[in-house]
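Peer 1: Once you've had a glance at the structure underneath, I'll fire off some questions.
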Amino acid sequence: MEAGNRQKNLVVLVPEHEFQSLIDFLADRTARLVSDPARTVVVGIRTRGVLLAKRLLEIWRAQLGWEMPLGAVDITLYRDDLDRGPRIPILKGTEIDFPIDDRLVLLVDDVLHTGRTVRAALDALSDLGRPLAVRLVVLVDRGGRELPIQPDAVALRVEAAPEERIEVHLRELDDEDAIVRRK
Amino acid sequence: MQRSLLIKQGRVIDPAQRMDTVADLLVRDGRVAMIAPSIQESADEVLVAAGLIVCPGLIDMHVHFREPGDEQSETIATGAAAAIAGGFTSVACMPNTNPAIDTREAAEFVYLQAGRARQARVYPVGAVTKARAGEELAEIGQLVEGGAVAFSDDGAPIASAEIMRRALQYTRMFDRAILNHPEVPELTQGGVMNEGIVSMRLGLPGMPRVAEEIMVARDILLAADTEGKLHLQHLSTAGSVELVRQAKKRGIRVTAEVCPHHLALTDEALTSFDSVYKVNPPLRTRRDVDALIEGLVDGTIDVIASDHAPHAPARKELELDRAPFGMIGLETMLGVCVRSLIEPGYLDWPKLIECFTVGPAQILGIDRGHLRPGVEADITIIDPDLEWTVDPEAFRSKSRNCPFAGWVLKGRAVHVFVAGELKHSLRPDAIRTNTGQLTTPL
Amino acid sequence: MATDLTGPAKASRAWTRRHLLDLEHLERWEIEAILDTAASFREVSARSRKKVPALQGKVVVNLFFEPSTRTRTSFSLAAKRLSADTIDFTVSASSMAKGETYIDTARNIEAMGIDIMVVRHQTPGAPHVLARTLNCSVVNAGDGAHEHPTQALLDVFTIRDIKGRIEGLTVALIGDIAHSRVARSNIWALTKLGAHVIVCGPPTLIPRSIAELGVEIAYSLDEILPRCDVLNVLRIQFERQRAGLFPSIQEYFALYGVTEERLKRAKDDVLLLAPGPINRGIELTPGVADGPQSAVLRQVTNGLAVRMAVLYLVSGGAPRPALVH
């Protein structure tokens, strides 16, 4: 019953067989932002941003021979809505074990919506050092910004109503690669 | 003042006369005139007591009224009013006031203040030793002259075996009892609760059972040795009950008392860290509670007394180790005993009333606690089915350190008479003059 | 540092407690949640800028009715690393003697707009009573001989950090068990997490009823030493000797002092913990305290992360303090 309802409210925007080409497109777009691969680092926003960043790195290693360090940023402590509701215990925090000073940081997330997550991630990064520049890389931009934040590389733009959720499913967590819209 | 009062069709329970029957009771000029199945004589006032228990005014032989010295916690007047509200027409107050009741004048002061209050009768218990210091005997003969009904250093034990022995010997000439608080102080120093698994979990210093039992055993041996009149206050452990049971079997003159909180609560209550549960002797375990109840059932324990120990609120707000021991009990004792003893079927009403009347009257040697014709008419009328919620804010006592706040209890004194005079009534309009007019309650 | 960056970032269960008063009433998952959160906070202390804004705008007060520099400093720094404002109050027994109760004192301080009150008190249960009385969150920083939850959490955290697990380990708590809040909190945490706990000391310092908590009682350190994975050496307080609970310091050291000689009987990788200041030469010889098996300094570092985790977790869901006009 519940599963049926969930299926009814779910529209697949990008199915499994089209997903890889979207990743390839994003890898290509992002690579154009990099002028000095030796001074570039990649930071994913937990959790799906890190998984996406990993895939981008694999593509660049195979096609361009780039080796870049990968880190993860947990934005929980930087959220601006911490006053609301109970705490979720943090099982994995920020893990960036390389310097980001004077590096180009490619900040990767799955979906860009209000911009608040990215704002929190930028705060977290600024506590770790002073990057040369930060570029924002997202798989989907669904609109609905509440802060003046725009992506530098994006694979898919969709129009979504405020009550709708745009979800990126990844094989590592969800048994499929897909982008779906949920009402 | 009224000339005569007829209490009709109550269940008259008078353990002293082995009486438990539905009957009429006539009071004339403040004294019991007669009890009969049906009294036709007309009276100035009539109270129909169908469904109610009519019994001798209850006696609480262990209260602390704090006057003189700590009148912000309780006075003799407020304490005596609390007693009446709880159904108790006579109380014996312990001498641990400041100064202590250790002189004839101090004992007479209690009578003076109680007379002014015109509530319950208040009998002073004299100190065994001067200033309750445990060193020299107080002027016991003078205290008897002043009306002291028994002797105790309560608040503290009579720690010295030598003093205890002398006291038991000396009081024989007056046939007055020594009421001892059994506790070996060296074993309880710094303690705030029963020593056991709960004190261990809470990290609170414990008071071992053996601290009480050693002195119970000592006192029993001294009573056998001196043939003095020994009464052991507020027993709290299974071991104490067994020691008294054996002593009684051997014919040693000893009586014993238990408090309602030791029947209704255990040391688990301290897990709240609420100082209202800090009491000496401490709340013990379920096993001890069961043994105390057994002691009541088989007659090892003679008396139930409240150990009513008022403390002004600010003092109970202190940390557990700094807060004083004690809880109030006069206004809840009856209902708590109904809940702990009658509802589970351990005691019946006549037996419970015996613990509140004949038991204490005999130990104190006072002509109270019975309804024989000619005695001053101290009468408590109890509604055994009345349910009520304990609200310390409504108490007559000055203090609020009651561990039973919010409890729903069954059974409460609804009319209380002292020498035939109505002192307290929850249903004043039930008392009709023979012209049908309402009397005014005091 | 862990190399798996892609595991789940969040626990499935939300933390809902407003206070941390004891470990007796925590569930296993809650203890683990604190430890996991602490692990992620350790990274903050390794940064050049050692601060996160999680408690920005919140006020944390250290209300200490009993002096303690170490615990208070650790809580203060933990609060500062979470960007909270902090105030310290150490209330001496003398200032309390003016007729003010500790509850009055706490109420007055809370009225300054406190979000979290870290309380140290010499009487068991004082933090519990304050938690019932006040609107702010209360964290127990040690209440008499009752509990010292954050100390035990950092002990357990250090064990897990070094040994990789708690389950199945044999941990001995050595010394004055009867009067030790650290012992009680450790017993709850360790038994809940599946360790075998031995309490070891003279019978006058070990309440017999403690066996009901599922721990083993031992009076001979030498006998149990070969079985232990961890030794947690409690501080002995000299006033206990004065109270006659053991005959002399020398005898205590002879029976329970952890020396190099004695440690030869222990496992090679035995881990040595000591909460709080130790009396060198009484519980531990200096060589042992500074030796390779000792994790004493690591405990201090970990204490910071554990206290950050606790402050962060209890700060959620707490209602705003009532405004006092």
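Peer 1: Considering only residues that are in contact with a helix residue (DSSP H, G or I) (Cβ under 7 Å, 6 or more places away or on another chain) and farther than 20 Å from B:L52 by Cα, look in the stretch B:400-437 and name the one that is surrounded by the most Cβ atoms within 10 Å (Cβ to Cβ).
Peer 2: B:N401
Peer 1: Moving on to the next point. Quick one: in the stretch C:132-171, of everything that is over 15 Å from the mean Cα position of the chain (by Cα) and hydroxyl-bearing (S, T, Y), which residue is farthest from C:M117 (Cα to Cα)?
Peer 2: The selected residue is C:T170.
Peer 1: Looking at the stretch B:1-40, which of the residues that are in contact with a strand residue (DSSP E or B) (Cβ under 8 Å, 6 or more places away or on another chain) and basic (K, R) is surrounded by the fewest Cβ atoms within 10 Å (Cβ to Cβ)?
Peer 2: Out of the qualifying residues, it is B:R3.
Peer 1: Taking only the stretch B:387-437 into account, find how many residues are out of contact with any strand residue (DSSP E or B) (no Cβ under 9 Å at 6 or more places or on another chain) and under 23 Å from B:S42 (Cα atoms).
Peer 2: Within the stretch B:387-437, residues that are out of contact with any strand residue (DSSP E or B) (no Cβ under 9 Å at 6 or more places or on another chain) and under 23 Å from B:S42 (Cα atoms) number 4.
Peer 1: Now for a different question. Which fully enclosed strands (runs of 3 or more DSSP E) of the stretch C:213-317 have 2 or more residues being under 30 Å from A:I90 (Cα atoms) and either away from every other protein chain (no Cβ under 14 Å) or of a type in the set (D, E) (or both)?
Peer 2: In the stretch C:213-317, the matching strands (runs of 3 or more DSSP E) lie at C:230-233, C:271-273.
Peer 1: Taking the stretch A:26-58 as the region of interest, how many residues are in contact (Cβ under 8 Å) with a residue 40 or more places away in the chain, in a helix (DSSP H, G or I), within 15 Å of A:L136 (Cα to Cα) and away from chain C (no Cβ under 11 Å)?
Peer 2: 4
Peer 1: Is it the case that some residue within the stretch C:187-199 is among the hydrophobic types (A, V, I, L, M, F, W, C), part of a strand (DSSP E or B), within 27 Å of C:H121 (Cβ to Cβ) and in contact (Cβ under 8 Å) with a residue 40 or more places away in the chain?
Peer 2: no
Peer 1: Search the stretch C:297-325 for residues that are buried (at least 19 other Cβ atoms within 10 Å of the Cβ) and pair each with any residue that is modelled with pLDDT under 90 and hydroxyl-bearing (S, T, Y) when their beta-carbon atoms are under 7 Å apart and the residues are at least 6 apart or on different chains.
Peer 2: These pairs meet every condition: C:L304/C:S45; C:A305/C:S45.
Peer 1: Right, something else. Based on this model, can you work out whether C:G113 counts as free of Cβ contacts under 8 Å to residues at least 12 places away in the same chain, out of contact with any Phe, Trp or Tyr (no Cβ under 9 Å at 6 or more places or on another chain) and either surrounded by fewer than 24 Cβ atoms within 10 Å (Cβ to Cβ) or not aliphatic (A, V, I, L, M) (or both)?
Peer 2: No: the conditions fail for C:G113.
Peer 1: Among the residues of the stretch C:182-211 satisfying the criterion of being touching a Pro at 6+ places or on another chain (Cβ under 9 Å), surrounded by 24 or more Cβ atoms within 10 Å (Cβ to Cβ) and not small (G, A, S), which is nearest to C:I224 (Cα to Cα)?
Peer 2: C:N186
Peer 1: Pairs, please: C-beta under 8 Å, at least 6 apart or cross-chain, first residue over 23 Å from C:R160 (Cβ atoms) and in the stretch C:270-283, second buried (at least 22 other Cβ atoms within 10 Å of the Cβ) and among the hydrophobic types (A, V, I, L, M, F, W, C)?
Peer 2: The qualifying pairs are C:N279/C:I236; C:I282/C:I236; C:E283/C:I174; C:E283/C:V233; C:E283/C:L234; C:E283/C:I236; C:E283/C:V258; C:E283/C:A274.
Peer 1: Keeping to the stretch B:273-320, report how many residues are basic (K, R) and more than 14 Å from chain C (Cβ to nearest Cβ).
Peer 2: Matching residues across the stretch B:273-320 total 1.
Peer 1: On to the next question. Scan C:V44, C:V60, C:V52 and give me the residue that is touching a residue at least 12 places away in the same chain (Cβ under 8 Å), more than 9 Å from chain A (Cβ to nearest Cβ) and either in a loop (DSSP other than H, G, I, E, B) or not hydroxyl-bearing (S, T, Y) (or both). First the steps, then the outcome.
Peer 2: Numbers: C:V44 fails: more than 9 Å from chain A (Cβ to nearest Cβ); C:V52 fails: more than 9 Å from chain A (Cβ to nearest Cβ).
Only one candidate qualifies: C:V60.
Peer 1: So, one more: Taking the stretch A:122-139, which residues are assigned to a strand (DSSP E or B) and crowded, with 17+ Cβ neighbours inside 10 Å? If you could, list the steps in order and put the result at the bottom.
Peer 2: Start the filter on the stretch A:122-139 by keeping residues that are assigned to a strand (DSSP E or B), which leaves A:133-139.
Once the filter is applied, which keeps residues that are assigned to a strand (DSSP E or B) and crowded, with 17+ Cβ neighbours inside 10 Å, the stretch A:122-139 yields A:V134, A:R135, A:L136, A:V137, A:V138, A:L139.
Peer 1: Just need a number here: residues in the stretch B:168-183 that are buried (at least 18 other Cβ atoms within 10 Å of the Cβ) and either more than 23 Å from the chain's Cα centre (by Cα) or within 14 Å of chain C (Cβ to nearest Cβ) (or both).
Peer 2: 1
Peer 1: Can you tell me which of A:R87, A:R119, A:R61, A:R79 is facing chain C (nearest Cβ under 9 Å) and surrounded by fewer than 21 Cβ atoms within 10 Å (Cβ to Cβ)?
Peer 2: Of the residues listed, the single one that is facing chain C (nearest Cβ under 9 Å) and surrounded by fewer than 21 Cβ atoms within 10 Å (Cβ to Cβ) is A:R79.
Peer 1: While we're here: All but one of (1) touching a residue at least 24 places away in the same chain (Cβ under 8 Å); (2) within 28 Å of A:E95 (Cβ to Cβ) hold for C:T71, so report the exception by its number.
Peer 2: (2) is the only condition that C:T71 fails.
Peer 1: State whether the residues of the stretch B:315-326 include one that is among the aromatic types (F, W, Y), outside any loop (DSSP other than H, G, I, E, B) and outside the structural domain of B:W407 (by TED's automatic domain parsing).
Peer 2: no
Peer 1: Quick one: C:A274 ticks every box in (1) closer than 19 Å to B:M200 by Cα; (2) hydrophobic (A, V, I, L, M, F, W, C); (3) within 23 Å of the chain's Cα centre (by Cα) bar one, so which box is it?
Peer 2: Status for C:A274: all satisfied but (1).
Peer 1: Kindly indicate whether any position in the stretch C:78-93 is out of contact with any Pro (no Cβ under 9 Å at 6 or more places or on another chain), within 14 Å of chain B (Cβ to nearest Cβ), assigned to a helix (DSSP H, G or I) and surrounded by fewer than 16 Cβ atoms within 10 Å (Cβ to Cβ).
Peer 2: yes
The values are calculated or read from the model by the stated rules, or taken from the named source; none is laboratory data. Since the model is a prediction, treat every value here as computed from it, not as a measurement. Here the Cβ is made from the backbone with ideal geometry for all residues, glycine too, and neighbour counts use every protein chain on show.
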